[in-house]
């Protein structure tokens, strides 16, 4: 059972690390080029991913192999998901890149939706990337691999 719990938590952690793909920005009303948006959003994602990684590593150290797997998965999602939500907010604060307004808005909305669904169903979020597929696709279109879960 230890391998199952530990493996599940690692899988969830890895997924959440990839989820955290959006985290710091320089907000403002100025319009960014697509390249500048991608550069700043990538930095946000990498920082959020690093924060999530630390949270996940700390929780993995506390894994109880005889404990309630779903409760441990829920705790992991509850503690790690805020980094993903913060990244979405920071990407939103960047503003949309010129000519890519609808796509950038769709990315932020997809990330927010994924976070909401993950918080509502942490077991699925911990064992699957289904909630993140739309956000992942949009992140890939902006070359934001750090935002892909």
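Sorting 53-61, 79-87, 136-144 by average packing, meaning the other beta carbons within 10 Å per residue, from highest down gives 79-87, 136-144, 53-61. Label positions at residue 93 and residue 68, each projected 7 Å from the Cα along the C-beta direction, are separated by 3.5 nm.
Values quoted throughout were computed directly from the atomic coordinates according to the rules given, and no laboratory measurement underlies them. Treat the numbers as computed from the prediction; the structure is a model and nothing was measured. So basically every Cβ, Gly included, is an ideal-geometry build from the backbone, and we count neighbours across all protein chains shown.
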